[in-house]
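The values are calculated or read from the model by the stated rules, or taken from the named source; none is laboratory data. Everything quoted here is computed from the prediction, not taken from an experiment. With ideal geometry, Cβ positions are generated from the backbone for all residues, glycine too; neighbour counts draw on all protein chains shown. Heavy atoms of the whole protein, side chains included, go into the accessibility calculation; ligands, DNA and RNA do not. Shrake-Rupley method; radii C 1.70, N 1.55, O 1.52, S 1.80 Å.
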Amino acid sequence: MLRSVHVKAPAKLNLHLKVCDVRPDGFHDIESIFQKVPLYDDLLIEMVDSNCTCQVISPDFILPFENTLTSAYKAFCSCTGIKDGVRITLRKRIPSGAGMGGGSSDAAAVLSGLSELFCVELSAEQKYNVASQIGSDVFFFLRNGEAYDAAIVSGRGEHVRYIVPRRDLYFVLLCPGVHSATGEAYSLVDSWHDMDRTEITPFKELEDMYRKPVNQWVFYNSFTEPLAWKFPEIKRALSDLRQCEADYVQMTGSGSVVFGVFASEKDAHKSYDVLRNEWDDCYYLASR
């Protein structure tokens with residue numbers, strides 16, 4: 001039996017994110033296009049000689065005692081009946097509180113790692129039930145492999161329709177260094193947007209738009225305008241990427257990372273070379 005496994009957790013960007021009305025359960029429905037990008041957290045999961053324990057070591061980042069990793073462990077054990085303890089060492093590279101799904105991706109990676117470590121394959125229904133106990137974005141990260149790098153996501157995040165991912169996109173990311181609390185961001189959207197948000201865009205329309213040249217995208221993010229109003233750093237990041245003539249500029253998730261999409265690798269590199277001298281946290285990434 002294995003004593004340890006190493007897993008990687010990729011980040012995501014929301015190329016489009018519409019926040020719809022509040023559901024009876026208190027969650028918001030959304031419609032979104034998720035795209036994985038090659039920025040990863042690394043996790044080492046090791047068995048330890050104590051039952052029902054999950055020790056998390058994170059040298060680069062301070063985690064609360066209860067976090068998505070411990071939640072994933074508890075949900076996995078509850079589902080499988082396994083009681084063996086583990087130690088998880090997390091090397092954090094995905095910016096935290098940035099709208100890039102780091103915590104959710106880490107949780108999904110833990111589920112995958114625990115399955116490998118204990119030689120237990122969860123059924124699709126079990127994975128769904130476990131993910132529902134952790135967080136909405138976890139559903140998207142449950143499947144690994146290049147075929148699952150992009151999806152149209154709806155509901156509160158539990159409805160995931162994977163689509164053929166594009167490989168011709170180049171991203172420049174700016175981290176404004178502000179933390180956008182998810183609950184507060186949703187409240188801000190509710191007070192900011194007073195239009196009817198019940199209409200859902202058909203899957204085909206979203207996928208067809210995704211296939212178009214980037215400079216023809218009419219995607220948007222419901223969080224961007226109110227968060228840019230609240231945080232001048234986000235507004236500046238959006239402006240700097242537009243001045244670099246990115247083909248599409250948007251904020252991801254509920255903030256605060258802002259990204260530009262370029263159809264040309266050369267143009268993306270050129271913009272990155274300019275912006276990395278002006279921003280402490282600047283990334284150049286190509287689609288996976």
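What's the magnitude of the charge dipole for the chain around its Cα centre, counting Lys and Arg as +1 and Asp and Glu as -1 at the beta-carbon? Answer in Debye, nearest 20. Value, rounded to 20: 480 debye. Since only Val257, Val274, Tyr186 are under comparison, the one whose Cα sits farthest along the positive direction of the charge dipole of the chain, derived from C-beta charges on Lys, Arg, Asp and Glu, is Val274.
Per DSSP H run of n ≥ 4, the term is -39500 (n - 2.57); total these for the chain, divide by its residue number, and report the mean residue ellipticity at 222 nm rounded to 500 deg cm²/dmol.
-9500 deg cm²/dmol, from helical runs alone.
A simple spin-label model places the labels of Val178 and Thr89 3.7 nm from each other, with each point 7 Å out along Cα-to-Cβ.
Suppose every K and R has +1 on its Cβ and every D and E has -1 on its Cβ; what is the size of the dipole of region 198-288 about the Cα centre, in Debye to the nearest 20?
I would put it at about 60 debye.
Accessible surface computed residue by residue for the chain, with neighbouring protein chains in place and a 1.4 Å probe, gives 47 Å² per residue. Sparse packing (at most 16 other Cβ atoms within 10 Å of the Cβ) combined with a DSSP loop state is found for the following GluC sites (Glu not before Pro) in region 190-288: Glu199, Glu245, Glu278.
Pairs exceeding a 21 Å alpha-carbon distance, out of Lys8/Lys212; Lys18/Lys235; Lys18/Lys212; Lys18/Lys92; Lys36/Lys212: Lys8/Lys212; Lys18/Lys92.
I'd like the distance separating the alpha-carbon centroids of region 64-101 and region 131-153, in whole Å. Distance between centres, Cα-based: 15 Å.
With the charge dipole of the chain set up from +1 on Lys and Arg Cβ and -1 on Asp and Glu Cβ about the Cα centre, the Cα lying farthest toward the positive end among the listed residues Val218, Gly97, Thr68 is that of Thr68. A DSSP coil position with no more than 12 other Cβ atoms inside 10 Å describes the following GluC sites (Glu not before Pro) in region 72-164: Glu121. Ile163 accessible area, nearest 10 Å², 1.4 Å probe? My reading of the accessible area for Ile163 is about 10 Å². Split the accessible area of region 118-163 by element, probe 1.4 Å, and carbon with sulfur accounts for 44%. Between Arg3 and Ser191, the contour length at 0.36 nm per residue exceeds the Cα-Cα span by 62.6 nm. The magnitude of the dipole of region 1-84, with charges of +1 and -1 set on the Cβ of Lys/Arg and Asp/Glu and taken from the Cα centre, is near 180 debye. Cα centroids of region 239-288 and region 156-188: 14 Å apart. Placing pseudo-labels 7 Å out from each Cα toward the beta carbon at Phe203 and Ala124 gives an inter-label distance of 1.2 nm. What do you get for chymotrypsin sites (Phe, Trp or Tyr not before Pro) in region 1-96 restricted to DSSP loop and a cutoff of at most 14 other Cβ within 10 Å of the site's Cβ? Those that pass, being in a loop and sparsely packed, are Phe27, Phe61, Phe65.
Run down the lysines and flag those whose C-alpha is under 17 Å from the C-alpha of Lys127, throwing out any fewer than 8 positions away in its chain. In chain and number order, the partners are Lys74. Based on the Cβ-Cβ distance of Arg211 and Arg143, what FRET efficiency does E = 1/(1 + (r/R0)^6) give at R0 = 25 Å, to the nearest 0.05? After rounding to 0.05, the efficiency reads 0.75.
Taking square-rooted eigenvalues a ≥ b ≥ c of the alpha carbon gyration tensor, is region 151-288 rounded, prolate or oblate, where a/c under 1.5 means rounded and, failing that, a/b exceeding b/c means prolate? Judged from the Cα gyration tensor, region 151-288 comes out oblate (a/c at least 1.5, b/c at or above a/b).
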